[in-house]
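Trainee: So that we are looking at the same thing, I have put the structure below in structure tokens.
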Amino acid sequence: MNWMQKMRKHAPLIVWIIVITFAVGIAWWSISYFIGGSRVSASTVHKPSESQAIALVTKNGTPLSYQYWVMPTELQNYMQNIIANYKNYYGAPPDSLFKEPELQVNAIKQLVDQKVIDYFANTNNISISSNDIDSQLKAIVNKYASNPQAKDYIIKRYGSIKNFENAIKPDVKQSLTVQKVTSLVANVTESDVKNYYESHKTEIEDKYDEVKAAHILVSTQATANKILNLIKSKKITFSKAAEKYSKDTASATNGGELEWFTRSQMVPQFSNAAFNAKVGQIVGPIQTQYGWHLIDVEGKRMYDTFDAIKSSTPIYNDLLTQVKNEKFANWLKKYKADEKISYRIQGEVLPYVQRFYSIPATNVKKVKAFIEEMDSYVYPSKSATVNTSIDPRLLALYESALEEYKSDLQSQNAALESYHYSSGTFPATYVGLSATVLQKKLDEVSKEMDTATGTTFSKLFDKKLELQKALNYANAIENLRKLGYKNTESIKKAYDDYQKKLNELSSRIKQVLSALYQVAPYSSDVVTKLYKLEPSNKKVALQYFQNEYKLIEPVLSNKQTYQMYSSRITPVLEYVKSGLENITYTAESTSLKTGAIVTLIDMSEKMGNLGEELKYLKKLKEVDPHYQGVDQVIKQVENAISASSTSTKSATSLQSTPTLKIPTSSNSGK
């Protein structure tokens, strides 16, 4: 992995894992909309009843005719694409209890918008000709049928190209309808694009401005300055210096050359230095978390005027599309309001999901009211135990609401938290000083530290920490007084009451998650949430670490891919390994220990680490001497190790060895 990739702002690790996984095979992004399953219009089947619909599109509160309803099959097919894309991005399908219902509600909204567009088109006599549909259909089919891999997949998925055509025809018609409606209601002029550019200038420049540069990466500022002096005195060229001295071996072999990059693709220190420099200028040394850099700025593509935007057709078209989408969204919103068009989701679960996720952020009162309404389902007749007979998705939604309420309370009481944790942690001489005075003292100490060394620096550092705590305390007191607290007694009482609420919420969250685990141990979100609350529960811990391992297993299975991304994968791998090893030593149940050890064996085998594999195999035999096949596998691994020590050939994989079945943690003891 080259340095530039490392320097780019880190995406979540799991995203990288999925990108890696799909790079190995064939990604079907371009046809995912079609191959995931087409829409099934309500008009293609017999007239349904209202109770059969997932959502009813209404006008003035009265349902429109059934072709404008969202039917279960439509939602199911639409969700196939959403779930596939979610899995491609995150490495696992959305959790069926926590995430999938939210995605379903969002999908229904999108399907309803499609219905509203159809309604507008039908009531305004906007139609798509058969010739236009056939022409677009032919172009799509020819595009994918010309690719042998795509064609094979389509035939496997649909049985024939003709079936594929029939399946996607409704979607093609819908797409052309949207395009035609958009051209009527969201016409965009150059003036519109210019106005958009002027009002979004900063974010557009951040997104599109680019710099071409080379760099040299070293460990210390002193080394960077020495190299810079050599370059300035013309004793060596920048390119040769990069080849000779740069720690970034990927770019060093090419004279330190980097690809064109935008502001957001580099860490701020590097990006700011490169973009603020002139072409031909060498800047640095610049410090980042990777070391010290010298940067040779070779070229710039700056879009700081509208004329520059117009000169770049791809960027201008991007902005035009953004303006068109914005105009269309505004039109659709106004059209629905003017025509009094809305929709009503039906069923036992999704209406609650819709209501919860429509609550504005930080609206504590509404979240609390939602929780109180659901209390009667979760704790019927004010029972002390959770009602596990209701749909587990409702329990998951209830737990999410509790988490949201807890988070909102913590945000609202941040001043109480700050007061409590800073009180008594600094010298009494600072008590009573204003925040302004303390900030001034803090700035003075920070300035002294710039030139201090040895014990003087250490003393100033300690003083700075004390002043920071005193400043936090003073700010907290000031904020609490603004909220109406007049003395320390009222503050302490408020803090105690707040902590009591938090403890009650935490206890209820744990109770609901424990109940969910009993009825839905398959939910990875339940396992993760419960593990965070109760890491000492070895049964939950085993399932949690096995789930984590499943996410990185595809990367470990490909040696080349693992080596490329080892810097990102290794910390996660070590975390999982440490957790599993802890279970092997601390779990009382033999089945839990066995499950952890067999997972570690599989991990070692995937990585080709025969030594560790043998170590865990022997541990398995120690824990369970009668584990099926363990003696045979131990012998084969020992033979492989022996062969590798006497042969220049790498040890062969043990794919032909008996599979060691991992016990499912849901069937193991605690």
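The values are calculated or read from the model by the stated rules, or taken from the named source; none is laboratory data. It should be emphasised that the depicted structure is a prediction, and the values quoted were computed from it without experimental measurement. Neighbour counts run over all protein chains shown; Cβ positions are idealised from the backbone, glycine included. Accessible surface areas use protein heavy atoms only, side chains included; no ligands, DNA or RNA. Shrake-Rupley method; radii C 1.70, N 1.55, O 1.52, S 1.80 Å.
Trainee: Can you bin the stretch 254-297 into rounded, prolate or oblate? Criterion: square roots of the alpha carbon gyration tensor eigenvalues sorted a ≥ b ≥ c, rounded for a/c under 1.5, prolate for a/b above b/c, oblate for the rest. Intermediate values should be presented prior to the final figure.
Mentor: Numbers: a/c = 1.18, a/b = 1.11, b/c = 1.07.
In terms of gyration-tensor shape, rounded.
Trainee: Over the stretch 187-251, with every protein chain in place, what whole percent of the accessible area is carbon and sulfur at 1.4 Å, could you tell me?
Mentor: On the way: 1740 of 3620 Å².
That share works out to 48 percent.
Trainee: Over the alpha-carbon set of the stretch 337-468, divide Rg by the Kirkwood Rh and report the Rg/Rh ratio to two decimals. Kindly include the intermediate steps, with their values, before the conclusion.
Mentor: Values: Rg = 25.5 Å, Rh = 19.8 Å.
Looking at the stretch 337-468, the ratio lands at 1.29.
Trainee: Show me the ranking of peptides 611-623, 125-137 by mean Cβ neighbours inside 10 Å, starting with the highest. Working shown, then result.
Mentor: Values: 611-623: 18.2, 125-137: 13.2.
Descending packing order for the listed peptides: 611-623, 125-137.
Trainee: Also, quick follow-up: Using a cut-off of 30 Å between alpha-carbon atoms, which lysines can reach Lys240, once sequence neighbours fewer than 8 places away in the same chain are excluded?
Mentor: Lys6, Lys9, Lys212, Lys226, Lys232, Lys278, Lys300
Trainee: How large is the charge dipole for the chain, taken about the Cα centre, if only the Cβ atoms of Lys, Arg (+1) and Asp, Glu (-1) carry charge, to the nearest 20 debye? Mind dumping the intermediate values first?
Mentor: Values: 83 positive and 68 negative charges, 92 e Å.
Result for the chain is approximately 440 debye, rounded to the nearest 20.
Trainee: If packing is taken as the average number of other Cβ atoms within 10 Å across a peptide's residues, how do 510-516, 578-584 rank, most packed first?
Mentor: On the way: 510-516: 20.4, 578-584: 18.1.
Ranked by mean Cβ neighbours within 10 Å, highest first: 510-516, 578-584.
Trainee: Taking the dipole about the Cα centre of the chain, with the C-beta of Lys and Arg at +1 and of Asp and Glu at -1, give me whichever of Gly347, Thr646, Val572 is farthest to the positive side.
Mentor: Thr646
Trainee: Taking the Cα centre of the stretch 389-450 as origin, work out the dipole magnitude from +1 charges on Lys and Arg Cβ and -1 charges on Asp and Glu Cβ, in debye rounded to 20. Spell out each step's value before the answer.
Mentor: Working: 5 positive and 10 negative charges, 47 e Å.
Charge dipole, the stretch 389-450, about its Cα centre: 220 debye, nearest 20.
Trainee: Could you pull out the GluC sites (Glu not before Pro) across the stretch 329-397 that fall in loop regions by DSSP (anything but H, G, I, E, B) with no more than 15 other Cβ atoms inside 10 Å?
Mentor: Within the stretch 329-397, the qualifying GluC sites (Glu not before Pro) (loop, at most 15 other Cβ atoms within 10 Å) are Glu339, Glu348.
Trainee: Note down the nm distance, to one decimal, between modelled labels 7 Å out along Cα→Cβ at Ser129 and at Glu638.
Mentor: 8.1 nm
Trainee: What part of the accessible area of the stretch 423-540, given as a whole %, is carbon or sulfur when the probe is 1.4 angstrom? Walk me through the numbers on the way to the answer.
Mentor: On the way: 3690 of 7190 Å².
C and S atoms contribute 51 percent here.
Trainee: Would you give the gap between the C-alpha center of the stretch 440-491 and the C-alpha center of the stretch 123-183, rounded to a whole Å?
Mentor: 66 Å
Trainee: Same structure, new question: Residue farthest toward the positive end of the dipole of the stretch 550-646, with Cβ of Lys/Arg at +1 and Asp/Glu at -1: which of Val637, Ile552, Val623?
Mentor: Ile552
Trainee: Assuming a ≥ b ≥ c are the square roots of the Cα gyration tensor eigenvalues, decide whether the stretch 131-275 counts as rounded (a/c under 1.5), prolate (otherwise, with a/b larger than b/c) or oblate. It would help to have the intermediate numbers written out before the result.
Mentor: Working: a/c = 4.76, a/b = 1.98, b/c = 2.40.
Oblate, since a/c reaches 1.5 and b/c is not below a/b.
Trainee: Report, in deg cm²/dmol and to the nearest 500, the calculated mean residue ellipticity at 222 nm for the chain, where each DSSP H run with n ≥ 4 adds -39500 (n - 2.57) and the sum is divided by the residue count.
Mentor: Details: 30 runs with 433 residues, N = 670.
Helix-only estimate at 222 nm: -21000 deg cm²/dmol.
Trainee: Among (1) 26.7, 92; (2) 27.8, 96; (3) 31.2, 86, which one is Rg and Dmax of the Cα atoms in Å computed from these coordinates?
Mentor: Correct label, based on the coordinates given: (3).
Trainee: Oh, and also: Taking a probe of 1.4 Å, how large is the accessible area per residue of the stretch 292-414, in Å²?
Mentor: Values: 6570 Å² over 123 residues.
I get 53 Å² per residue for the stretch 292-414.
Trainee: Now a separate question. Which pairs, out of Lys577/Lys621; Lys201/Lys365; Lys382/Lys500; Lys310/Lys333, put more than 27 Å between their alpha-carbon atoms?
Mentor: Numbers: Lys577/Lys621 19 Å; Lys201/Lys365 38 Å; Lys382/Lys500 20 Å; Lys310/Lys333 30 Å.
Table pairs above 27 Å Cα-Cα are Lys201/Lys365; Lys310/Lys333.
Trainee: Highest mean first, how do 632-642, 379-389, 91-101 rank when packing is the count of other Cβ atoms within 10 Å averaged over residues?
Mentor: On the way: 632-642: 15.8, 379-389: 11.6, 91-101: 19.6.
The most tightly packed comes first, giving 91-101, 632-642, 379-389.
Trainee: Then there is this: Provide the per residue accessible area, probe 1.4 Å, for the stretch 482-586, rounded to a whole number of square angstrom.
Mentor: Details: 5450 Å² over 105 residues.
I get 52 Å² per residue for the stretch 482-586.
Trainee: Separate question: Rounding to the nearest 20 debye, state how big the charge dipole of the stretch 599-646 is about its Cα centre with +1 on each Lys and Arg Cβ and -1 on each Asp and Glu Cβ. Write down the numbers at each step before the final one.
Mentor: Details: 6 positive and 8 negative charges, 15 e Å.
Taking the Cα centre of the stretch 599-646 as origin, the dipole is about 80 debye.
Trainee: Set the bar at 18 Å for Cα to Cα. Now go through Lys336/Lys366; Lys550/Lys606; Lys115/Lys173; Lys368/Lys501 and name every pair that lies beyond it.
Mentor: Working: Lys336/Lys366 26 Å; Lys550/Lys606 12 Å; Lys115/Lys173 13 Å; Lys368/Lys501 12 Å.
Violating the 18 Å limit, Cα to Cα: Lys336/Lys366.
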